[in-house]
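Trainee: Below you will find the structure I want to go over with you.
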Amino acid sequence: MEILANYPLKRLNSFGMAITTHRFATFSSVDELLFLLQQKKEEGDAALPLLILGGGSNMLFRTNFPGWVLKNEIKGIEELHEDVDYVYVRAGAGENWHSFVQYCIDRGWGGLENLSLIPGNVGASPMQNIGAYGVEIKDVFWDLRALHIETGRVQTFTIGDCDFGYRESVFKTKFRNQYVILDVTYCLRKKPLLNTSYGAIQQELSAAGIQQPAIRDIANAVIHIRRSKLPDPAEIGNAGSFFKNPTISAEHFTRLQQTHPGIVGYPVPGQQVKLAAGWLIESAGWKGFREGDAGVHPKQALVLVNYGNASGADIYALSEKILHDIEAKFQVKLEREVNII
Ligand code: FAD
Ligand code: EPU
């Protein structure tokens, strides 16, 4: 375990930002993590910021990082136990998310197939309650173990402790920067219950002539849809959706429908409507926009991209312009989904 100084992070963040961090190290066990936390203190860096890194696919670095970046590489997948209907599977935080999903599909365990091909690692999956195509991690979450950075104590969090919401959890709010997630246990179905509620999945299955889909067919449909519109970070730097889909009142939505008849929104509980932010950004004329190497993806307006040499500040400045424009045109305040560092 080496502690490296002024370490370049370009290959470790999916936006491809060419920045460095004051200190960098990886850990693959709790003991290694505790050792590194101790070293940070002993080197007189206790007051410097600490960042736990997974796959780096949901963060935008605006400048060099002035503290310690510790990359979680805790591995291992373990079937803890099973009952008549479910299998309880624990995965180390450093396992690649998509490989883990494939591992479960290979064994016929249902629940994660709609979340295929989301970049990043297992440890970040509860952070923002990752979601796609009608499923969120909270639907299959059992518990997680996390180390409290201040005390070094390992605690278990069950679903009731996590306050999962749309792209939210306690680890982004009241416990922000306080815990390192070590592993996550998911409760998966031995007799899968398919979720094909998302229209595009139905269309993919029909196009492939599949009438009785298995979980692998759902995964393949999701993979196909994602590849058709989301840029591959290996080719174009990005962190997926840059903004969240905003929620507005039903009354506000009705007003917007009068001036913008095509506006896309879905009713949600509490007389509210969740808007497709991609629609707002496209309608405001930003889709395909490019300024230097910072741009808005031509196939998905919710995704900001780095065509090569954009800085984090360039991407952030573009996001500011979009935010202000959407507020001026629709009186809707967008919120960033990506973690801004
Ligand atoms: P990182 O970017 O490394 O970290 C994200 C945050 O979690 C940071 O604050 C970090 O400090 C913290 N963190 C990471 N690991 C730990 C840990 N073990 N303990 C404590 N804190 C930790 N997200 C979706 O929800 N749905 C999608 O459909 C989706 N599609 C995407 C498509 C593309 C092309 C891309 C690039 C991203 C997409 N994302 C999506 C966002 C991203 O993939 C997820 O948020 C993913 O969970 C991030 O994982 P990561 O390991 O890369 O996290
Ligand atoms: N739309 C447009 N123009 C665009 C993009 C979208 O008009 O350029 C409209 C379309 O009407 C479309 C609707 O928006 O029907 C929804 O688009 P899409 O199905 O692509 O999903 P999204 O709302 O843009 C969300 C998540 C994605 C997730 C998909 C699939 C957020 C912020 N984003 O995107 O998550 O993969 O749904 O479930 O909730 C991520 O978090 O990084 C991410 C990619």
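Trainee: Asn195 versus Ala234, label points 7 Å from Cα toward the beta carbon: distance in nm?
Mentor: According to this spin-label approximation, the distance is 2.7 nm.
Trainee: Oh, and also: Could you check how much of the accessible area of the range 77-189 is carbon and sulfur, as a whole percent, using a 1.4 Å probe?
Mentor: Working: 2070 of 4500 Å².
Solvent-exposed carbon and sulfur of the range 77-189 make up 46 percent of the total.
Trainee: Further question on the same structure: Can you give me the accessible area per residue for the range 236-341, using a 1.4 Å probe, in Å²? Each step should come with its number before you reach the end.
Mentor: Values: 4920 Å² over 106 residues.
Ligands and nucleic acids excluded, the result is 46 Å² per residue.
Trainee: Give the residue list of trypsin sites (Lys or Arg not before Pro) in the range 139-176 that are DSSP loop and have at most 15 other beta-carbon atoms within 10 angstrom.
Mentor: Those satisfying the criteria are Arg153, Lys174, Arg176.
Trainee: In addition: How many percent of the accessible area of the range 253-341 is carbon or sulfur, using a 1.4 Å probe?
Mentor: On the way: 2250 of 4400 Å².
Answer for the range 253-341 is 51 percent, counting heavy atoms of protein chains only.
Trainee: Counting pairs of Cα atoms in the range 247-341, how many percent are more than 15 Å apart?
Mentor: Details: 2729 of 4465 pairs.
Above the 15 Å cut-off, the range 247-341 has 61 percent of its Cα pairs.
Trainee: Give me the base-10 log of I(q)/I(0) for the range 95-142 at each q in 0.19, 0.25, 0.26, 0.30 Å⁻¹, Debye formula, one uniform scatterer per Cα, rounded to two decimals.
Mentor: -0.52, -0.94, -1.02, -1.33
Trainee: Any chance you could check the Cα centroid distance between the range 1-43 and the range 278-311 for me, in angstrom?
Mentor: First find each Cα centre; the distance between them is then 31 Å.
Trainee: Skipping prolines and chain starts, which residues have an amide H placed within reach, meaning under 5 Å, of the one on Val332, given they are 5 or more residues away or on another chain?
Mentor: Result for Val332 returns Glu327.
Trainee: The range 122-170 to the range 199-237: how many Å between their Cα centroids?
Mentor: Distance between centres, Cα-based: 26 Å.
Trainee: What FRET efficiency would be calculated for the residue pair Val264, Arg153, taking the C-beta separation as r and a Förster radius of 56 Å, to the nearest 0.05? Could you put the intermediate results ahead of the total?
Mentor: Values: r = 46 Å, r/R0 = 0.82.
E(calc), rounded to 0.05, equals 0.75.
Trainee: Right, another one. Determine the dipole magnitude for the range 4-72: charges of +1 sit on the beta-carbon of Lys and Arg, -1 on that of Asp and Glu, nothing else is charged, the reference point is the Cα centre, and the result goes in debye to the nearest 20. Working shown, then result.
Mentor: Values: 7 positive and 5 negative charges, 68 e Å.
In total the dipole reaches around 320 debye.
Trainee: Report D for the range 77-189 in µm² per second (integer): Stokes-Einstein, Kirkwood Rh on Cα pairs, 10 °C, 1.306 mPa s. Could the numbers behind the result be given before it?
Mentor: Working: Rh = 14.0 Å.
Answer from the Stokes-Einstein relation: 113 µm²/s.
Trainee: On the principal axes of its Cα set, how long, how wide and how thick is the chain? Give whole Å, largest value first.
Mentor: Taking max minus min along each principal axis of the Cα atoms, the chain gives 62, 53, 37 Å.
Trainee: Give me P(r) over the range 4-72, computed from all C-alpha to C-alpha distances, binned every 10 Å, as integer percentages.
Mentor: Bins of 10 Å from zero give 22, 55, 23, 1 percent of pairs.
Trainee: Please find the FRET efficiency linking Gln271 to His324, where r is the Cβ-Cβ separation and R0 is fixed at 35 Å, and quote it to the nearest 0.05.
Mentor: 0.80
Trainee: While we're here: Note down the nm distance, to one decimal, between modelled labels 7 Å out along Cα→Cβ at Arg290 and at His224.
Mentor: Rounded to a tenth, the inter-label distance reads 3.0 nm.
Trainee: Would you work out what percent of the accessible area of the range 4-72, with all protein chains in place, is carbon or sulfur (probe 1.4 Å)? Before the final figure, lay out each step's value.
Mentor: Numbers: 1640 of 3050 Å².
Solvent-exposed carbon and sulfur of the range 4-72 make up 54 percent of the total.
Trainee: Could you state how much accessible area Val101 has, in square angstrom rounded to the nearest 10, with a 1.4 Å probe and all protein chains kept in place?
Mentor: That residue has around 0 Å² of solvent-accessible surface.
Trainee: Might you tell me the accessible area per residue for the range 46-201, computed with a 1.4 Å probe and given in Å²? Please list the in-between numbers first.
Mentor: Details: 6470 Å² over 156 residues.
Dividing the accessible area of the range 46-201 by its residue count gives 41 Å².
Trainee: Could you give the nm distance between label points at Phe35 and Gln331, where each point is 7 Å from its Cα heading toward the beta carbon?
Mentor: Roughly 6.0 nm, to one decimal.
Trainee: Okay, moving on. Report the charge-dipole magnitude of the chain in Debye, nearest 20, computed about the Cα centre from +1 at each Lys and Arg Cβ and -1 at each Asp and Glu Cβ. Present the calculation step by step, with values, prior to reporting the outcome.
Mentor: Details: 34 positive and 37 negative charges, 142 e Å.
Charge dipole, the chain, about its Cα centre: 680 debye, nearest 20.
The values are calculated or read from the model by the stated rules, or taken from the named source; none is laboratory data. Given the structure is predicted, the values throughout are model-derived calculations rather than measurements. Cβ: placed from backbone, ideal geometry, glycine included. Neighbour counts: every protein chain shown. Ligands, DNA and RNA are stripped out before the accessible areas are found, and what is left, the full protein with its side chains, is counted by its heavy atoms. Shrake-Rupley method; radii C 1.70, N 1.55, O 1.52, S 1.80 Å.
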